[in-house]
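First the structure, in the form of structure tokens, and then the observations on it.
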């Protein structure tokens, strides 16, 4: 599979359910802001609504950091709308829910389970130039944590802004960072 760090998101065009409307999202939507691609297996399932609801609770915090969230499954945009209509948890989502019915995004990001026609739980942080800066892929039964994803985004943005500094384990905004140098080798 190889790794995805520094890889540019390839051109794509998908349908989305967004703020009660159907709309089209392409790679051009990514430019000029940070982006989270949040792949999940399927609408109307069990772990997925807990994750998407968790993200919805933190959405304002992501927005303050100039970051858009794109949830992605292989369901159609019509199914996304039906799920939002049926579920109070999904109804509160304000970020675009992308339909990867043709499997193009799931293939591009290496999360497609072809035999099931579903995506693994893949999370990708993409910078304002459309380059992948961080990612994590979980098996289907392992849910993710929006507050940890927010922390990773903050760290990725800090490193992008301060190229000579790096963020240690559990770093939070405002905490001390490290300046890699020969003096630090063996001292941590």
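Within the range 135-146, being closer than 15 Å to residue 108 by Cα and in contact (Cβ under 8 Å) with a residue 60 or more places away in the chain holds for one residue alone: 135. Residues in the range 48-69 that are out of contact with any strand residue (DSSP E or B) (no Cβ under 7 Å at 6 or more places or on another chain) and over 21 Å from residue 130 (Cα atoms): 10 in all. Residues that are surrounded by 14 or more Cβ atoms within 10 Å (Cβ to Cβ) and touching a helix residue (DSSP H, G or I) at 6+ places or on another chain (Cβ under 7 Å) within the range 4-21 comprise 9, 12, 14, 15, 16, 17, listed in sequence order. Number of residues in the range 30-46 that are under 16 Å from the mean Cα position of the chain (by Cα) and surrounded by 17 or more Cβ atoms within 10 Å (Cβ to Cβ) equals 10. Evaluating residue 90 against the criteria (1) over 17 Å from residue 17 (Cα atoms); (2) modelled with pLDDT under 95 leaves one unmet condition, (1).
What tally of residues in the range 140-164 results from selecting those that are farther than 15 Å from residue 124 by Cβ, outside any helix (DSSP H, G or I) and in contact with a helix residue (DSSP H, G or I) (Cβ under 9 Å, 6 or more places away or on another chain)? The total comes to 5.
Just so you know, in the range 37-79 the residues that are out of contact with any helix residue (DSSP H, G or I) (no Cβ under 7 Å at 6 or more places or on another chain), closer than 17 Å to residue 121 by Cβ and not in a helix (DSSP H, G or I) include one that is modelled with the lowest pLDDT, and it is 46. Could you check how many residues of the range 108-139 are assigned to a loop (DSSP other than H, G, I, E, B), at negative phi and crowded, with 17+ Cβ neighbours inside 10 Å? Summing the residues that are assigned to a loop (DSSP other than H, G, I, E, B), at negative phi and crowded, with 17+ Cβ neighbours inside 10 Å in the range 108-139 gives 4.
The values are calculated or read from the model by the stated rules, or taken from the named source; none is laboratory data. Source: prediction; values computed, not measured. Ideal geometry is used to build each Cβ from the backbone, glycine not excepted, and the neighbour counts take in all protein chains shown.
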